[in-house]
Amino acid sequence: MSVEVRSVSKTYGNFTALRDIHLKIETGELVALLGPSGSGKTTLLRIIAGMDTPDAPSTATANADETDGSIRFFGEDVAKMSVGQRRVGFVFQHYALFKHMTVFDNIAFGLRVRPRSSRPSKSEITDRVHRLLKLIQLEGFGQRFPMQLSGGQRQRVALARALAIEPRILLLDEPFGALDAKVRQSLREWLRRLHEEMHTTTVLVTHDQEEALEVADRVVVMNQAKIEQVGSPAEVFHHPASEFVIDFLGNVNVFHGRIAGGNFQPGPLSTNSSQLQSAGTSSSANKIYVRPHEMKIARMKEDADAIEATVERINRAGVNAKIHLQTKQNDQVRVDLPLDQLDALALEIGERVYFKPIQARVFAPDYTI
Amino acid sequence: MRTSRTSCKRPQLPGWGLTFGFTIFYLTIVVLIPLLALFLKSITMDWNEFVATMSHPRVLAAIRLTFGASFLAALINVVFGSITAWSLIRYRFPLRKLLDALVDLPLAMPTAVSGIALATIYSHTGLVGSHPFPLGIKTANSSLGVLIALIFIGFPFVVRTLQPAIEDLDQEMEQAAASLGATRFQTVMKVTIPSLLPAILTGFTLAFARALGEYGSVIFIAGNLPMKTEIASLLIVSRLDENDIAGASAIAFVLLTATLLILLLIQAIGWYFNRRTGRQA
């Protein structure tokens, strides 16, 4: 196990950034911390790096463990180590490259600042920097300055600079957040390939669910200073543990209603409970969640429990067409349909259709009242 | 700086003609015409007279003192001004705003007032001057006094130039250095100071230029001994008192030309740095 976070909390004045976080990261894993801004993901990353210090554990709690509030790297408590001593590679959203240094000098920095006894020789440094330049596909860019590079190139240099010190753990703070969509996509794929080659334990912070689901081995979904769910991308996407997770990972339709006698009776919707996938105890759930692609549309009322709606908008850009429906109760419903199915239906705007969830989820309500 | 290439050919923004015309007009009446008058006055001398005036030992000594003390004062100000600017920006402490306001005082005070104040404090019976005096160090009526006055008046320029630069400094750069294993000292030497270099250079230039022309605050503390503690601007005034207007103009002209050349040189160093790091697109 590479990293272990034990009961870490962090408060800034009245604001709780992290509340009793437990997390284990296996060696060689690429883990994404995913959540909206303010969810505490960056704070957690910075605490792992040693750039922020967690709150001192409250000894008042009866079951307080003395290892509470500690960060361990490979079993070793690093709480008292500085950022530099922890040997982590940290990559910032805005690159934080040394602007007055060439690309070469930037990458060599971590090696050159070592104490004489452990500093590699000049030729060794040159060799290693050239290997890294090749790795980030920027051979021949060594003598350029950061200002002369594109955003994507700068972030690759920042990554090479972090890798140069052969970090025990690589920490990436929204590394692609400042780049445009196309570059972000290609860097994402490149990062995944790179990880497959190097197998450095990596923690990536992102608010982009697509990025997290595509790149990571495991996704840690965070919300309001807590971890909502930890799981593989497929797990968190297909088996979300909470309302927050299903809502945050992609679009979802929410229907309000009640469960009565095993049947969910939403305002306009009635669904057989056998189709419901429940997380937790769902006896008194009052919302059901249906992903847009988990719906079917028909021109005729084929099922007794299908719901009537009118077609408001059809967007054909993409693999699936995005169809916006409006129910009689003025609820907006989104349905994703493969283009060929859409063509087979030959839907027109303003037409009356019937839709029905194929699969739906309910969650135990939060007892927060 | 941004106007250089494209806008000379075809200015895209409206109002270019008006603003540029005004700039030229203003510079002409405020700067160029007085300079021209100065130049015309000094060429009323013939070449031999000019050389004789300039090669006079007293004149050479005054020019040497002026440039030497100004350079040294600006250098000292860069060190302590940077530290002051750093602590004012990076740390939060009580009375910070008050301290920050104090920095401007040398700019705001009439130079004669600060001159008299400095002369009193640094005289051999003064608050500060009385301590080094028994050791044989004279802080007033010496070239050290000149230096002290020039440090005093140049200080705000360095602090005020560096403050915005320090504020804009990407703190993540320092964190990155720390994460790469650099000690705090290495980070400051290899990352922070080099990043601030353009601002440091500008602050140095301003403090240096201000010191070269300083008159009021220096003459009270310097003692004004010819050949020893007489600065160039004082020499010009005494030449005027002697009704030697051409002589005064000649010294002023040389002083001005040298200043201009040095300032251009410093600018060129700055351009070189900026060009190297690609700061100018």
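Before moving on, here are some points about what is shown:
- Dmax and Rg, reported as Rg then Dmax, of the stretch A:68-133 (C-alpha, Å): 14.8, 45
- Cα-based reach from A:LYS356 at 26 Å (exclusive), listing lysines while leaving out same-chain residues under 8 positions away: A:LYS287, A:LYS296, A:LYS301, A:LYS322, A:LYS328
- Cα-based Kirkwood hydrodynamic radius, the stretch B:33-107, one decimal, Å: 16.5 Å
- Positive-end residue, the stretch B:44-276 charge dipole about Cα centroid, Cβ charges, pick of B:PHE185, B:ALA268, B:TYR122: B:PHE185
- Here the residues B:GLU174, A:GLU197, A:GLU351, ranked from fewest to most Cβ neighbours within 10 Å of their Cβ, fall in the order A:GLU197, A:GLU351, B:GLU174.
- About its Cα centre, the dipole of the stretch A:118-245 is roughly 760 debye, where the only charges are +1 on Lys and Arg Cβ and -1 on Asp and Glu Cβ.
- Cα lying deepest toward the dipole's positive end in the protein assembly as shown, options B:THR28, A:HIS94, B:SER55, charges on Cβ: B:SER55
- Between the stretch B:65-142 and the stretch B:172-233, the alpha-carbon center distance in angstrom: 14 Å
- Test item: Cα-centred dipole of the protein assembly as shown, Lys/Arg +1 and Asp/Glu -1 on Cβ, debye: 1580 debye
- Sorted into 10 angstrom bins from 0, the C-alpha pair distances of the protein assembly as shown split as 3, 11, 16, 16, 15, 14, 11, 7, 4, 3, 1, 0 percent.
- Cα convex hull, the stretch B:48-198: 182 Å³ per residue, rounded to a whole number.
- Estimated translational diffusion coefficient (Stokes-Einstein, Kirkwood radius over Cα pairs, 20 °C, 1.002 mPa s) of chain B: 99 µm² per second.
- Divide the volume of the convex hull around the Cα atoms of the stretch A:3-239 by the residue count and you get 137 Å³ per residue.
- Whole-number Å³ per residue for the convex hull built on Cα positions in the stretch B:212-254: 73 Å³
- Ignoring aspartates and glutamates fewer than eight residues from A:LYS80 along the same chain, the ones with Cα atoms less than 16 angstrom from its Cα are A:GLU4, A:ASP52, A:ASP55, A:GLU66, A:ASP68.
Bear in mind these aren't lab numbers, they're just calculated from the coordinates by the rules spelled out. Here the structure is a predicted model, which is why all the values come from computation and not from measurement. Glycine gets a Cβ as well: all are built from the backbone with ideal geometry, and neighbour counts include every protein chain shown.
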